[in-house]
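Comments concern the structure below.
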Amino acid sequence: MNIVDKLGIETPPWPKTSSSDMKNIKKIQKTAKIFYKSLESYELPKPSLMDYMRFRIVKEMSRRLDGYLQADYQFYDKLENYYYDTKISIFKKLMGKIMLKIGFYTIRDNFVEK
């Protein structure tokens, strides 16, 4: 799932002016058009750095703790770069490696690897 836009409209408990109602209607129409276009698109979103990091952390945890997370290991072992085929930038890959090394170094005493 990908968040494609946001919609913030004013709904005060007192009567609104017609110009305020028109602003809300325009916002709704604009957001609905963006949402509809996203439904028509077959393009999968590029993962953010945080999305990619979550993927890498869970994949690495399942690999290191195979005996405890067997189903996760079997699922993530088949995946290469992400949950679906997409291009991951060199920056994200590099940050992923660095952050994993730092993260696993800080929790090294919390679990026994296989």
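Every number in this text was worked out from the coordinates using simple rules, so none of it is lab data. Keep in mind that this is a model prediction, so the values were computed, not measured.
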*Mean separation of Cα pairs under 8 Å and 6+ residues apart, divided by the residue count of the stretch 34-102: what relative contact order is that in percent?*
37 percent
_Can you divide the C-alpha Rg of the stretch 62-114 by 2.2 N^0.38 Å and report the result to two decimal places?_
1.31
*Calculate for the chain the 222 nm mean residue ellipticity that helices alone would give, adding -39,500 (n - 2.57) per DSSP H run of length 4 or more and normalising by residue count, nearest 500 deg cm²/dmol.*
-18500 deg cm²/dmol
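Compute the Rg/Rh shape ratio of the chain: radius of gyration over Kirkwood radius, all on alpha-carbon atoms.
Details: Rg = 21.7 Å, Rh = 18.0 Å.
Reported Rg/Rh (Cα atoms, Kirkwood Rh): 1.21.
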*Share of alpha-carbon pairs per 10 Å distance bin for the stretch 1-43, given as whole %*: 25, 41, 23, 10, 1
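For residue 14 and residue 42, compute 0.36 nm times the residue count separating them, minus their Cα-Cα distance, and round to one decimal in nm.
Numbers: separation 28, 0.36 × 28 = 10.08 nm, distance 4.26 nm.
Extending this stretch completely gives an extra 5.8 nm.
Using only C-alpha atoms and all pairs of different ones, pull out the Kirkwood radius for the stretch 32-83 in Å with one decimal.
Details: mean 1/r = 0.0778 Å⁻¹.
For the stretch 32-83, inverting the mean 1/r across all distinct Cα pairs yields 12.8 Å.
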